[in-house]
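Quick notes on the structure that follows.
The values are calculated or read from the model by the stated rules, or taken from the named source; none is laboratory data. Being a predicted model, the structure only gives us computed values, none of them experimental. Glycine gets a Cβ as well: all are built from the backbone with ideal geometry, and neighbour counts include every protein chain shown. Protein only, heavy atoms only, side chains kept; ligands, DNA and RNA dropped before computing areas. Shrake-Rupley method; radii C 1.70, N 1.55, O 1.52, S 1.80 Å.
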Amino acid sequence: NLIRVPFSKNNYLALILVHDTSAADVKRLHHIRETISAKNISSFVRVETNLPPEKMSEYFSAADAGIIPWKDDLPTSIPIKAFDYAGTGLPTIAKCSPHSELDAWMKKNAPRGAVVYSWSDFSSNLARVWTKPLSTAQRVKLASHAHASWDRRAISSRAVESIRVQ
């Protein structure tokens with residue numbers, strides 16, 4: 001469903017997947033590759049598996065959006081990629097179930113992207129981000145905000161200050 005987004009010579013989809021050798025993961029990876037081939041978009045898609053963490057920033061810095069096609073059966077979790085994307089100022093489009101932890105986190109941490117509940121909304125939001133990507137300055141501002149919001153010393157200072165005020 002994700003691959004309904006219109007591709008052009010300027011748009012590429014980099015799928016960065018964590019993959020193991022279990023039968024289920026081998027089957028999923030095979031299905032992804034078959035879908036890409038069947039949609040005839042192989043020249044617009046790059047699949048990378050098990051990248052070392054130090055290589056991730058290269059992909060994040062070149063990206064216009066981070067995507068999280070989160071399963072509806074995972075309502076109580078937030079994928080680590082949400083934090084990775086936010087920490088680099090990368091806007092995120094997350095498809096998740098309503099009232100899930102990811103839904104609440106994305107809404108609380110706006111304007112880091114969009115949360116959607118259907119695949120058609122997912123595709124249209126991704127297409128919107130691709131046609132109007134954030135500037136480097138905008139991404140730096142978003143990343144700086146994330147770092148300031150989650151900085152352990154800043155959080156501790158705010159907590160101590162609120163205790164003093166009481």
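Points to keep in mind about this one:
- At R0 = 41 Å, FRET efficiency that the Cβ-Cβ distance of residue 144 and residue 97 yields, to 0.05: 0.85
- What a 1.4 Å probe finds exposed on the range 37-166 is 56% carbon and sulfur by accessible area, rounded to a whole percent.
- Count Lys and Arg as plus one, Asp and Glu as minus one, and take only other residues whose Cβ is under 13 Å from that of residue 42; the net charge is then +2.
- Taking trypsin sites (Lys or Arg not before Pro) as exposed when DSSP calls them loop and at most 13 other C-beta atoms lie within 10 angstrom, the chain has its longest site-free stretch at 72-166.
- The range 56-94 versus the range 107-148: alpha-carbon centroid distance in Å: 10 Å
- Cα-based helix-to-principal-axis angle, 136-150 vs the chain, degrees rounded to 10: 50 degrees
- Using θ = phi - 60° in the Karplus curve 6.51 cos²θ - 1.76 cosθ + 1.60, the 3J(HN,Hα) couplings for the range 115-120 round to 10, 10, 10, 9, 5, 5 Hz; x is entered for Gly and Pro.
- Between 0 and 90°, nearest 10: helix 152-165 axis offset from the chain longest Cα axis: 30 degrees
- [x] 16; [y] 24; [z] 33, with the label sought being that of the calculated percent of Cα pairs over 29 Å apart: [y]
- The range 50-129, dipole about Cα centre (Lys/Arg Cβ +1, Asp/Glu Cβ -1), debye to the nearest 20: 160 debye
- Three-way shape call for the range 95-137 based on the alpha-carbon gyration tensor, with the a/c threshold at 1.5: oblate
- Gaussian network model of the chain, springs between alpha carbon atoms under 10 Å - residue of 49, 21, 35 with greatest fluctuation: 21
- Nearest-0.05 FRET efficiency for residue 23 and residue 135, computed from C-beta distance (R0 41 Å): 0.40
- The range 40-166: relative contact order as a whole-number percent, Cα under 8 Å and 6+ apart: 23 percent
- Helix axis angle, 53-62 relative to the chain longest principal axis, alpha carbon, degrees: 80 degrees
- Computed over neighbours whose Cβ is under 15 Å from that of residue 71, the net charge equals -2, Lys and Arg +1, Asp and Glu -1.
- Stretching the chain fully between residue 160 and residue 80 yields a gain of 26.0 nm (0.36 nm per residue, less the alpha carbon separation).
- Long-range amide H partners of residue 92 with built H, under 5 Å: 66, 113, 114
- Pairs of Cα atoms farther than 14 Å apart, the range 53-148, %: 63 percent
- Here the chain is assigned +1 on the Cβ of each Lys and Arg and -1 on the Cβ of each Asp and Glu. Its dipole about the Cα centre then comes out at about 440 debye.
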